[in-house]
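The values are calculated or read from the model by the stated rules, or taken from the named source; none is laboratory data. The shown structure was predicted, so the numbers you read here are calculated from the model rather than taken from an experiment. Cβ placement follows ideal geometry from the backbone for every residue including glycine, while neighbour counts extend to all protein chains displayed.
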Amino acid sequence: MQKSKNIKQNTLRYKMKQKHLRVEKFLDEMNKIIPWNSLCEEIKPYYNKGNAGDKGRNSHCLSKMLKIHFLQLWNNLSDPAVEEAIYDRLSFQKFIGFDCFGGTVPDESSICRFRHILEENNLSKKLLEKVNNYLIENEILVEKGTIVDATII
């Protein structure tokens, strides 16, 4: 009886992994199209690792913070909402490269500080324009959904 239960559990896990959600397809496409490293290079001079504010904590990985910023934009999420969504959504964790075995999710204040760095240095609009141009070049239109959702058309 135990063997039959294990087979059913493994079959269920396999079927669950086969389902590829729209949000996963969208985020996979964004990882392919957008040159994240190039965008990070533009932010690097303003984002000092190891000097992340008043408590002297290390900064989070720049590319992860940038991807979180775009998750916020694409899904219309506040700082606390995107932090919670990262904990909740496997697709978001996969997109930002979150390591659930020892990695840390940036808290809402870290996300807010990063957004302010972009805004104070006029980078937010510039980066959004660049990403939109990459999407246009690849004939992708990003459309806002009704609930936390972004879809490729």
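See the values below:
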| quantity | calculated |
| --- | --- |
| Residues satisfying the stated conditions in segment 102-139, i.e. within 28 Å of residue 87 (Cβ to Cβ), part of a loop (DSSP other than H, G, I, E, B) and either modelled with pLDDT of 90 or more or not β-branched (Val, Ile, Thr) (or both) | 102, 103, 106, 107, 123 |
| Neighbours by Cβ (under 6 Å, 6+ apart or cross-chain): first from segment 112-139, touching a residue at least 24 places away in the same chain (Cβ under 8 Å); second among the small types (Gly, Ala, Ser) and buried (at least 16 other Cβ atoms within 10 Å of the Cβ) | 118/124 |
| Residue identified as at pLDDT 90 or above and within 22 Å of residue 119 (Cα to Cα) among 75, 51, 31, 58 | 75 |
| Residue match in segment 79-95 (condition: farther than 18 Å from residue 23 by Cα and either at pLDDT 90 or above or of a type in the set (A, V, I, L, M, F, W, C) (or both)) | yes |
